[in-house]
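Input: a single structure, listed below in structure tokens.
Throughout, read-outs are computed from the coordinates displayed, never taken from laboratory work. Computed from a predicted model, the values in this text were never measured in an experiment. Note that we place each Cβ from the backbone using ideal geometry, even for glycine, and neighbour counts take in every protein chain shown.
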Amino acid sequence: MELISKRQYDEHYFFGDNFPTLVEKNNKILLNISHNKLVMVFDQFGDYQNRFTLEGLLHPRVAFFDENDALIVYHTVGQGIYTEHGYNWTRLAISRYGDIVKDYIGKISDGDQDGDGVLDFIDRCPNTKLGETVDNNGCAILELTPDNFKLTTKDETCTGKNNGQFVINASEEHNYIVTLNGEEHEFNMGMSFENLSPGTYTACIEVKFEPQTKQCFEFEIKAGVTFKADNRFQNKSMFIKVKQGTAPFHVKINDIDSRIFHTNNFEIPVEDGDIVEISSSAQCEGKISMLANINSIRLSCNPVDEFAEIILPYTDLNAVNVKVFNSSSQLIISKKLSPNLEQKLILQTSSLPAGIYYLQVQLEKLHSLKLIKR
């Protein structure tokens, strides 16, 4: 017999030094106690429920339940006299008097009325809904669906702002506890965390006092970015590809507002020599300015120091012939350079003495520029 309660009762509750007389029905038990005519009612877990007075003693030979659950007691005076009581009786095993259960109750019922897999004898929740997961006491275990939580994040808007955001929304209302950064916070349906630094985080959420509901989620707050974009030219169009930045993008041409674009790739009609300025919707990401170099070549900076940056019009050439002559028309440098993604050639000039030089760049036609070395 399994011990299901450790509740103890004082001996003066019962008759003398022997076990009390009792009867049981459907998981409740009635015990005579030392007070005359008094019967106490306990549940199967040893908890007191009620009491009543009764003429006669409780004993299987003289007291029993009929088919209508009426308690029948045969008194020593007046055969056939009985008393009714309308309890829905359940069984009890009291730890201190465990042996009496076998003596007076006999074989334990193996019934399971709610079909939860826990016998009625020890089922603390006898009306569990069919299909619910239960614990050892037959009580439903709270379970959360995998999609109970909707989590959203917002990345840092700009470098150094530390303004990331993490938001939790639950579909079922409970008293939740979320642990983030080693701190616990309580909420019922939703909660928001602000001012998060870039990085990877783990948030663990569970219903209070229900550790089996714990779910952990990993999320990332990405660092803010600086606006970056590539460009290329074809005929009289500048094709922009934004690599980093927040849409929409505002375009100015020669300091005059032009258009607003909502995608990362767009085309701008330009004329040779136009200055194109592009900025993102996040002011702190900065802006970039580009020269529309359609038909000619230019130096991004002149005079030059360690290197010269040669801005090309759009070309399909993988290698470009570059020559440098001094003021006496002597050839000083002759190289083949490959354009980078920004359609620029980088020419090392650190070895040149200060002075005036002439630069030749061979594309579909020959281009010449004056170059000043500091």
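Key figures
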| read-out | value |
| --- | --- |
| Cut-off 11 Å between beta-carbons: net charge of the residues surrounding Lys222, Lys and Arg +1, Asp and Glu -1 | -2 |
| Size of charge dipole - the stretch 149-221 - debye, nearest 20, with Cβ of Lys, Arg +1 and Asp, Glu -1, no other charges | 140 |
| Relative packing of 300-312, 346-358, 326-338, which averages over residues the other C-beta atoms within 10 Å, highest first | 300-312, 346-358, 326-338 |
| Calculated FRET value between Asn169 and Asp230, using beta carbons and R₀ = 41 Å, to 0.05 | 0.60 |
| Relative packing of 182-189, 195-202, 318-325, which averages over residues the other C-beta atoms within 10 Å, highest first | 318-325, 195-202, 182-189 |
| All Cα pairs of the stretch 298-373, percent lying beyond 14 Å | 56 |
| Pairs beyond 20 Å (Cα-Cα), from Lys129/Lys208; Lys241/Lys344; Lys241/Lys365 | Lys129/Lys208; Lys241/Lys365 |
| Size-normalised alpha-carbon gyration radius of the stretch 149-221, reference 2.2 N^0.38 Å | 1.12 |
| Pair Thr200, Lys129: separation of 7 Å Cα→Cβ label points (nm) | 3.9 |
| Efficiency of FRET between Asp257 and Lys154 - r from beta-carbon atoms, R0 25 angstrom, step 0.05 | 0.30 |
| Label-to-label distance, nm, for residues given as Gln360 and Phe209 (7 Å Cα→Cβ offset) | 9.1 |
| Protection proxy ranking, peptides 222-233, 245-256, average beta carbon neighbours within 10 Å, highest first | 222-233, 245-256 |
| Rounded Å value of the spacing that divides the Cα centres of the stretch 190-228 and the stretch 136-176 | 8 |
| Cβ-based net charge around Thr200, under 14 Å, with every Lys or Arg adding one and every Asp or Glu removing one | -3 |
